[in-house]
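Engineer: Have a look at this one.
The values are calculated or read from the model by the stated rules, or taken from the named source; none is laboratory data. Owing to the predicted nature of the structure, the values given are computational and were not obtained by experimental measurement. Glycine gets a Cβ as well: all are built from the backbone with ideal geometry, and neighbour counts include every protein chain shown.
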């Protein structure tokens, strides 16, 4: 996950339990028995998140927080405090802590808080890249070189002061989630949460819990209260991806949110009132789902306050180069920040590929190249073989060369290689010298 966590906890059992749970989730986690030990580790190594107990001998969690923030304000801090010491947690929040949790805590709740912090840091990183390369303050993004994307950016500019729902359509991987983030980060809600959920990856029960949460009651059987993304995103934006896969019962609840700004939570008597802007996405014709009875027509019309169709990348090749630059900015830290661009040949290869996986495939290619490339510029050698070996498959009809043209170009390169020696070039090509002469003369 490339997200490093340090846990400052003087209780051995608690510290080991947290480390085990975090490593099981795939995080790179390190433990420290007290504040000075944690501070020493953080001076030698980089960490993204500090989880610290407030009450520790020698240096308490508040003092550790102050020293860490003084050294590197980018490190997020989650404070663990006893229920009777909530005042300490409030003090910690004032001094820069992102979140706190009280003891005794539920391990799943703590993991969820850490995941939220992780996602927030990823969003902040992408937000910085978006602001840098999408020229948000200028209204129209410099990344939108194609006419179709310029029209989309113009629409985004027009709705920046609106709370209208937006439905994004287009093939898988065309960049609908990126457009959703641009819509949020150019809107008046930009300082509020931006959360997203993919409906195609969860069962109905999990989707219901993630979207709408549940209340701890004897009737519901829940052992704890869980806030859903809908409630957490209050005041901000919720992006519902693959909305066509949302089960019918949840479609009805989402319609209530879209119409009345409220929804019912399992175990809670009163409806939850929220102020959330809904963005949604689907990669097929939603009207077909409606005809088949798989999607509510009323919800469809509510979600498509503004409908934006994002064209596939193969139809807007002008956007490939600036997208490459944007993704390189996002992932260049994978190379230690040493890569600052692309060779001309690599750019040519990238621009001539057809991208069946659209923008998502391009992003994966650049992320991979940023890891593999050892020089200051990304070269074709760092790109996947499929896009360098089979470039002919991606040419437009007018770009296809005849066999004679290909043969003449190749013969010319061989001749250049042997510094104009026609006899040597003919020998290497396995043809008589007179045939080479005729080949080069042919136009």
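Engineer: Collect the residues in segment 184-194 that are touching a strand residue (DSSP E or B) at 6+ places or on another chain (Cβ under 6 Å) and either in a helix (DSSP H, G or I) or surrounded by fewer than 19 Cβ atoms within 10 Å (Cβ to Cβ) (or both), keeping them in residue-number order.
Structural biologist: Across segment 184-194, the qualifying residue is only 184.
Engineer: Which residues, taken from segment 158-171, are in contact with a helix residue (DSSP H, G or I) (Cβ under 9 Å, 6 or more places away or on another chain) and either without any contact (Cβ under 8 Å) to a residue 60 or more places away in the chain or surrounded by fewer than 16 Cβ atoms within 10 Å (Cβ to Cβ) (or both)?
Structural biologist: 160
Engineer: Identify, from the list 228, 235, 244, the residue that is under 23 Å from residue 189 (Cβ atoms) and modelled with pLDDT of 90 or more.
Structural biologist: Of 228, 235, 244, the one residue that is under 23 Å from residue 189 (Cβ atoms) and modelled with pLDDT of 90 or more is 235.
Engineer: Next question, about the same structure. Might you check whether a residue that is modelled with pLDDT under 90 and out of contact with any strand residue (DSSP E or B) (no Cβ under 9 Å at 6 or more places or on another chain) occurs anywhere in segment 338-347?
Structural biologist: yes
Engineer: Please enumerate the residues belonging to segment 256-282 that are closer than 18 Å to residue 306 by Cβ and in contact (Cβ under 8 Å) with a residue 40 or more places away in the chain.
Structural biologist: 258, 259, 276, 277, 278, 279, 280, 281, 282
Engineer: While we're here: Could we say that residue 94 is more than 27 Å from the chain's Cα centre (by Cα), within 20 Å of residue 109 (Cβ to Cβ) and without any contact (Cβ under 8 Å) to a residue 24 or more places away in the chain here?
Structural biologist: Working: more than 27 Å from the chain's Cα centre (by Cα): yes; within 20 Å of residue 109 (Cβ to Cβ): no; without any contact (Cβ under 8 Å) to a residue 24 or more places away in the chain: yes.
Considered against the rule, which asks whether it is more than 27 Å from the chain's Cα centre (by Cα), within 20 Å of residue 109 (Cβ to Cβ) and without any contact (Cβ under 8 Å) to a residue 24 or more places away in the chain, residue 94 comes out as no.
Engineer: Just to be sure, is residue 233 assigned by TED's automatic domain parsing to the domain that holds residue 179, in contact (Cβ under 8 Å) with a residue 60 or more places away in the chain, in contact with a strand residue (DSSP E or B) (Cβ under 9 Å, 6 or more places away or on another chain) and under 30 Å from residue 311 (Cβ atoms)?
Structural biologist: When the stated conditions are applied, residue 233 does not pass them.
Engineer: When you go through (1) surrounded by fewer than 20 Cβ atoms within 10 Å (Cβ to Cβ); (2) free of Cβ contacts under 8 Å to residues at least 60 places away in the same chain; (3) assigned by TED's automatic domain parsing to the domain that holds residue 207 one by one for residue 307, which number turns out not to apply?
Structural biologist: Just one mismatch for residue 307, condition (2).
Engineer: Let me ask something additional. Give the residue, chosen from 350, 289, 323, 278, that is crowded, with 17+ Cβ neighbours inside 10 Å and not in a helix (DSSP H, G or I). Quick ask: steps written out before the conclusion?
Structural biologist: Working: 350 fails: not in a helix (DSSP H, G or I); 289 fails: not in a helix (DSSP H, G or I); 323 fails: not in a helix (DSSP H, G or I).
The conditions single out 278.
Engineer: Right, another one. Only one residue in 238, 254 is outside any loop (DSSP other than H, G, I, E, B), assigned by TED's automatic domain parsing to the domain that holds residue 163 and in contact with a strand residue (DSSP E or B) (Cβ under 7 Å, 6 or more places away or on another chain), so which one is that?
Structural biologist: 238
Engineer: Name the residue that is farthest from residue 185 (Cα to Cα), counting only residues in segment 70-89 that are at pLDDT below 80 and exposed (fewer than 14 other Cβ atoms within 10 Å of the Cβ).
Structural biologist: 84
Engineer: Looking at 314, 302 in this structure, which one is assigned to a helix (DSSP H, G or I) and crowded, with 17+ Cβ neighbours inside 10 Å? Give the steps one after another, and end with the answer.
Structural biologist: Numbers: 314 fails: crowded, with 17+ Cβ neighbours inside 10 Å.
It is 302.
Engineer: Say we look at segment 358-387 and pick out the residues that are crowded, with 17+ Cβ neighbours inside 10 Å and over 16 Å from residue 321 (Cα atoms); which of these is modelled with the highest pLDDT?
Structural biologist: Per the stated criteria, the residue is 382.
Engineer: Inside segment 3-41, can you point out the residues that are within 22 Å of the chain's Cα centre (by Cα) and touching a residue at least 40 places away in the same chain (Cβ under 8 Å)?
Structural biologist: 3, 4, 5, 22, 25, 27
Engineer: Output the residues belonging to segment 241-251 that are in contact with a strand residue (DSSP E or B) (Cβ under 6 Å, 6 or more places away or on another chain) and either assigned to a helix (DSSP H, G or I) or not assigned by TED's automatic domain parsing to the domain that holds residue 288 (or both).
Structural biologist: 243, 244
Engineer: Only one of these conditions is not met by residue 329: (1) surrounded by fewer than 22 Cβ atoms within 10 Å (Cβ to Cβ); (2) closer than 17 Å to residue 145 by Cβ; (3) under 16 Å from the mean Cα position of the chain (by Cα); (4) modelled with pLDDT of 90 or more. Which number is it?
Structural biologist: Only one criterion in (1) surrounded by fewer than 22 Cβ atoms within 10 Å (Cβ to Cβ); (2) closer than 17 Å to residue 145 by Cβ; (3) under 16 Å from the mean Cα position of the chain (by Cα); (4) modelled with pLDDT of 90 or more is unmet by residue 329, namely (4).
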